[in-house]
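Peer 1: Please see the structure below; I have some questions.
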Ligand code: KIV
Ligand code: ZN
């Protein structure tokens, strides 16, 4: 077994800071439940002071999770810390995570504080958090660009004030493995009391080194890794949970450690994150990418057929990748659908079940075979979404090689039914322009991607769009057997997310 590495998942907090990856409360709760099933030790549920939505999500997650610890983020001020506590106090095992920058560049240009002030603030904030709960994490933001003696002094003050976890973030993804390992070693020697706390790292991926840095940190004494599913997060993202966990599992010779992660739930969790955030996983992504276990060259295929281990260091089954299973069809009834939902991991209320079942029947009328991916898509679209401001009622598009593409769209906007028609350069353009006219929105379309959810020409098309308005970016998704309808759904989903984002004060 070996010593334990604590897996601290921050998909719901740092992951949600990925441009466009906003999640609503229902989506966050569903993801938190999946993370608990995956076996993460800590779920960082959010940053409660940033918006009422984030506060509500953290509070709901705190109450619905039993086996994982639930953490809330707070800056080093009383208001943030008390708000974080308000949000997580209903958790079975709560954790307050407070942070302040320690690099010269942040102190001078952002905080405008002296080193002495930062030491005092760090200690005071940990003490404040300790009044609420015994488990308190302190992070020295931008640690890797900080003067080491000062960094050590801040950490020591936080430990003396009662911090139980000390986190060393590579906030801007600047470190390279050899120097990051050396920094951890140095801190272990310099900081009095460091042996009493759980030492943690939180690496960003700006140079593509987040996983490497996290692994080298483990080799130098770190016992907690902060990470996200699919490596999503601010800018280039964070340490990818699945990569760091599978490295520990696969290279037991170098990492005589264990984690609580159940690897067979990795792939489903990755898919759920992708579905909810709309962030498509690149095909060559390690562990969970579509090509991660695909052998293309003749020599490789020959080797794998003779003995898998010739070119496979882990099996697709070990991370939960199985062939898409044919699940249901047009004649499947309520009971079969309910059973399959449970197996895919959804437990729905009676009302939500009825909604999902109606959508399933509609889909089964258009598509003979319904796969797990289709079921996930139904639940993500019909159940997890927030009450929307904009709803599609009707769409009719005429297009072809001798027609001017024309869309007629009927929508509900704040409960009022509005119908419009419009032209465009193609069917999608005509649809989007008409929706824009109805919703009177001004967003810019940055990206438009179509994928088939499963194989075959009758497969559902899954459309992802990225929109930008006044510096806010969102990602919307829609699925349908008709790709124009899927496009309209994705566009409207993104517009609804923009409305939601307008109420979010993140970046306070
Ligand atoms: O990247 C970072 O430094 C953070 C801290 C809040 C831990 O996300
Ligand atoms: Zn971060």
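The values are calculated or read from the model by the stated rules, or taken from the named source; none is laboratory data. Everything numeric here is computed off the predicted structure, so don't read it as measured data. Here the Cβ positions follow ideal geometry from the backbone for every residue, glycine too, while neighbour counts run over all protein chains shown.
Peer 1: Which of the helices (runs of 4 or more DSSP H) contained wholly in the range 308-388 include at least 2 residues that are under 23 Å from residue 496 (Cβ atoms) and within 23 Å of the chain's Cα centre (by Cα)?
Peer 2: 372-382
Peer 1: From (1) modelled with pLDDT of 95 or more; (2) buried (at least 16 other Cβ atoms within 10 Å of the Cβ); (3) more than 21 Å from residue 356 (Cα to Cα); (4) in contact with a strand residue (DSSP E or B) (Cβ under 6 Å, 6 or more places away or on another chain), pick out the condition that doesn't hold for residue 436.
Peer 2: Single failed check for residue 436: (4).
Peer 1: Condition first: more than 23 Å from residue 388 (Cα to Cα), more than 16 Å from ligand 1 (Cβ to nearest atom) and part of a loop (DSSP other than H, G, I, E, B). Now tell me which residues in the range 9-42 satisfy that.
Peer 2: Scanning the range 9-42 gives 39, 40, 41.
Peer 1: Just checking, does the range 245-257 include any residue being under 17 Å from residue 286 (Cα atoms), within 16 Å of ligand 1 (Cβ to nearest atom) and either surrounded by 20 or more Cβ atoms within 10 Å (Cβ to Cβ) or touching a residue at least 24 places away in the same chain (Cβ under 8 Å) (or both)?
Peer 2: No, because not a single residue in the range 245-257 is under 17 Å from residue 286 (Cα atoms), within 16 Å of ligand 1 (Cβ to nearest atom) and either surrounded by 20 or more Cβ atoms within 10 Å (Cβ to Cβ) or touching a residue at least 24 places away in the same chain (Cβ under 8 Å) (or both).
Peer 1: Return the residues of the range 335-347 that are touching a helix residue (DSSP H, G or I) at 6+ places or on another chain (Cβ under 6 Å) and over 19 Å from residue 270 (Cα atoms); say none if nothing qualifies.
Peer 2: The one that is touching a helix residue (DSSP H, G or I) at 6+ places or on another chain (Cβ under 6 Å) and over 19 Å from residue 270 (Cα atoms): 337.
Peer 1: Then there's this: Which one of these is part of a helix (DSSP H, G or I) and surrounded by 14 or more Cβ atoms within 10 Å (Cβ to Cβ): 261, 266?
Peer 2: Of 261, 266, the one residue that is part of a helix (DSSP H, G or I) and surrounded by 14 or more Cβ atoms within 10 Å (Cβ to Cβ) is 266.
Peer 1: Got a sec? Which of 234, 226 is touching a strand residue (DSSP E or B) at 6+ places or on another chain (Cβ under 7 Å), assigned by TED's automatic domain parsing to the domain that holds residue 34, part of a loop (DSSP other than H, G, I, E, B) and within 16 Å of ligand 1 (Cβ to nearest atom)?
Peer 2: 234
Peer 1: Here is a further query. Which ranges mark the strands (runs of 3 or more DSSP E) fully within the range 394-484 that have 2 or more residues being under 32 Å from the mean Cα position of the chain (by Cα)?
Peer 2: Where strands (runs of 3 or more DSSP E) fall fully within the range 394-484 and carry at least 2 residues being under 32 Å from the mean Cα position of the chain (by Cα), they are 406-413, 444-452, 461-469, 472-480.
Peer 1: Which is free of Cβ contacts under 8 Å to residues at least 60 places away in the same chain and within 19 Å of residue 79 (Cα to Cα), of 168, 121?
Peer 2: Within the list 168, 121, the selection yields 121.
Peer 1: Related question: Please verify whether residue 201 is within 27 Å of residue 277 (Cα to Cα), within 13 Å of ligand 1 (Cβ to nearest atom), surrounded by fewer than 21 Cβ atoms within 10 Å (Cβ to Cβ) and in the same structural domain as residue 157 (by TED's automatic domain parsing), treating the condition exactly as stated.
Peer 2: no
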